[in-house]
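Nothing in this text is a laboratory measurement; each read-out follows from the coordinates by a stated rule. As the structure is a computational prediction, the values presented were derived from the model and not from experiment. Note that we place each Cβ from the backbone using ideal geometry, even for glycine, and neighbour counts take in every protein chain shown.
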Amino acid sequence: MDRQTIDAKILSRMFLAGAKNLEAKKEWINELNVFPVPDGDTGTNMTLTIMSAASEVSALADPDMETLAKAISSGSLRGARGNSGVILSQLLRGFTKGTKGHKEMDAVVIAAAMEKAVETAYKAVMKPKEGTILTVAREAAVKATEIAEESANLELFFRAIFEHAEKTLARTPEMLPVLKEAGVVDSGGQGLLEVFRGAFDGYLGKEIDYTAFEKAAPASSVTKISPQAEAEIKFGYCTEFIILLDKPLPDEEVHSFKEFLMSIGDSVVLVADDEIVKVHVHTNHPGQAFEKALTYGALSRMKIDNMREEHQEKLIKDAQKLAREQEEQEKKDAAAKAAKERKKYGFISVSVGEGLSALFKELNVDWIIEGGQTMNPSTEDMLNAIAEVNADTIYIFPNNKNIVLAANQARDLTEDKEIVVVPTKTIPQGITALISFQPDMTGEENLEGMMEAVSMVKTGQVTYAVRDTRLDEKDIHEGDIMGIGDHGILAVGKGREAVAKEMVAAMVDEDSEVISIYYGAETSEEAANKLAEELEETYPDCEVEVNMGGQPIYYYIISVE
């Protein structure tokens, strides 16, 4: 294919093909994560990020470079999840900046856009590491720049870039010892390579199925019930969504999930394959359906329709003038109330688990973002939360190292409020940071004080291994119980409480005063209390606290201060 330039139409096809290939490989990429935990999420986060942009791109009937760039940049920035997703969104954002002012792009323009992509992404990461997605992106851009002037044929140009990126990815274990020990390449770099691979296929004109990018039908297209039937409705909300499975569901689990849906509603339709589950249910509690579904994977295409809406609209039709007057008055009253109640400080925290969320609310958190390790919130989730908190200065507690970049991105996109991201990496760090807040201090002073308090917190988490590997000089087998500390694996064994005790032993020192236990959804209160008693006997100088966390995946989250 002797083409020397690409236009918006071709670039759009390449982008969508790249997104599709990434989606197809997401589970494989998840398995490349160094830690063999059941929440490997690099592939999922990158896929959800690029799919957010792909939906915007696929909605463009006849894109030019300007509209295409806006769709890619805006969609990926708002949909960005996890560190890998945020970095991918920044790469896409930087690349689209390089398209500005061009109706067509030759090798020189493409190489410059790739350089801009790398520059933008590196700026978004405070301490870039080599041997990651950033390294693969940078080396691809370097190669593009080296050969651009002499590359009139774009097929040869793209092929050379892809081959160099592939070789760079293969070298990532030599750059990051942890990758070498685990026997994997960098998962984020692999994800980017799959985007490159798909984009090259798109350039070559290979047939791609783009139906995955079609947006859900607008609410106006939903068939409404008749007013006569409204009185007979038992469950008022038509709830639909797709689960992007972490792993295939066994038949018995599919049956169990269907029974759960039937217990909270009717008109249940559930279709499952190895990668996704499509769900339809009429229920009065859509949130319960979503919460249960999150234990199986990430959610997509979520839609809730009030089936009584048509009847309600008819009831107010005869009083439209009065309704408008009332609405205007309510808006005025709400505006006045908002202005009066605007606070100096507000707090947003990421949490997962009923007990942990309740604890954050007790600590005066204004808005809880459900998410955390098993489902990283997106930048748009952060922006929506910011919009809900009526305060001059808002503190965000990500409580997970993989959510900090998304919080920073939301901060940078907010103009009407001061946003302070407290880069807490664990739930206990977030709790300690909130307790350390001083209302008479400035935002900068509080951030400094919170981080000083956070530095005194050690966190350990007990979960199970999903595959065999070797990490931190420990042989780990599928099904083993692991105690994971702030900087690596602290304990490996067969029993939850035994591993928890070994993990705590590696965390406690002569300065330790408090041990806090947060037990998860799959751990009984009795087991947690027994563990606490044994820790009190072993460490008599430490106060031991027990809290119901309710978190999935992790049997225990334990902090030592």
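Points worth noting:
- Here the relative contact order of the stretch 350-406, from alpha carbon pairs under 8 Å that lie six or more residues apart, stands at 38 percent.
- When the Cα positions of PHE360, GLY82, ALA61 are compared along the charge dipole of the chain, ALA61 comes out farthest toward the positive end, with charges on each C-beta of Lys, Arg, Asp and Glu.
- Per-residue ³J(HN,Hα) for the stretch 72-85, Karplus 6.51 cos²θ - 1.76 cosθ + 1.60, θ = phi - 60°, Hz, x for Gly and Pro: 5, 5, 5, x, 6, 5, 6, x, 4, 10, x, 4, 5, x
- A full extension of the chain between LYS343 and LYS247 corresponds to an added length of 30.2 nm, given 0.36 nm per residue minus the alpha carbon distance.
- Cβ-defined net charge surrounding LEU156, 12 Å radius [Lys, Arg +1; Asp, Glu -1]: -2
- Summed residue charge, Cβ within 12 Å of THR135's Cβ, Lys/Arg positive, Asp/Glu negative: 0
- Spread of Cα-to-Cα distances over 10 Å intervals beginning at zero, given as percent, for the stretch 6-212: 10, 38, 39, 12, 1
- Under 5 Å between amide hydrogens, built in the peptide plane, is the criterion, and for VAL492 it picks out GLY483 among residues at least 5 positions away or on other chains.
- Distance histogram for the stretch 402-524 (every C-alpha pair counted, 10 angstrom bins, percent rounded to whole numbers): 11, 33, 30, 19, 7, 0
- Across the stretch 252-293, the residues whose backbone nitrogen lies under 13 Å from the label position 7 Å along the beta-carbon direction of LYS234 are 262-268, 282-284.
- Charges were assigned to the Cβ only: +1 to each Lys and Arg, -1 to each Asp and Glu. The resulting dipole of the stretch 458-560 about its Cα centre is roughly 540 debye.
- Directionally averaged shadow of the stretch 342-454, computed from the convex hull of its alpha-carbon atoms, nm²: 6.1
- ILE276 long-range amide H proximity, modeled H, under 5 Å: LEU245
- Cα-centred dipole magnitude for the chain, charges only on beta-carbon of K, R (+1) and D, E (-1), debye, nearest 20: 1980
- Pairs of Cα atoms farther than 25 Å apart, the stretch 458-560, %: 14
- Dimensionless Rg over Rh [the stretch 104-201; C-alpha; Kirkwood]: 0.99
- Kirkwood hydrodynamic radius computed over the chain comes to 25.7 Å, based on all pairs of distinct alpha carbons.
- As a length-normalised measure over Cα pairs under 8 Å and 6 or more apart, the relative contact order of the stretch 234-307 settles at 51 percent.
- Under-5 Å amide H pairs with LEU299, H placed in peptide plane, nonlocal only: LEU244
- √(5λ) per eigenvalue of the Cα gyration tensor, the stretch 234-307, largest first, Å: 20, 13, 9
- Gyration tensor verdict on the stretch 355-402 (Cα atoms; rounded if a/c is under 1.5, prolate if a/b is larger than b/c, oblate otherwise): oblate
- The stretch 458-560, relative contact order [Cα under 8 Å, separation at least 6], %: 31
- Simple spin-label estimate for GLU150 and GLU163 gives 1.4 nm between the two label positions (7 Å along the Cα-to-Cβ direction from each Cα).
- Charge dipole of the stretch 1-116 (Cα centre as origin; +1 on each Lys and Arg Cβ, -1 on each Asp and Glu Cβ, all else neutral): 220 debye, rounded to the nearest 20.
- Neighbour net charge for LEU270 - beta-carbon separation under 14 angstrom, K R +1, D E -1: -4
- Each residue of the stretch 462-476 was assigned a 3J(HN,Hα) from its phi angle through the Karplus curve 6.51 cos²θ - 1.76 cosθ + 1.60 (θ = phi - 60°); the sequence is 9, 8, 10, 8, 9, 7, 6, 6, 10, 8, 6, 6, 10, 7, 10 Hz, with glycine and proline shown as x.
- The modelled label-to-label distance between ASP273 and GLU104, using points 7 Å beyond Cα along the C-beta direction, is 3.9 nm.
- Vicinal HN-Hα couplings computed from phi for the stretch 406-417 (Karplus, 6.51 cos²θ - 1.76 cosθ + 1.60; Hz; Gly/Pro x): 5, 5, 4, 5, 5, 4, 5, 8, 9, 10, 9, 9
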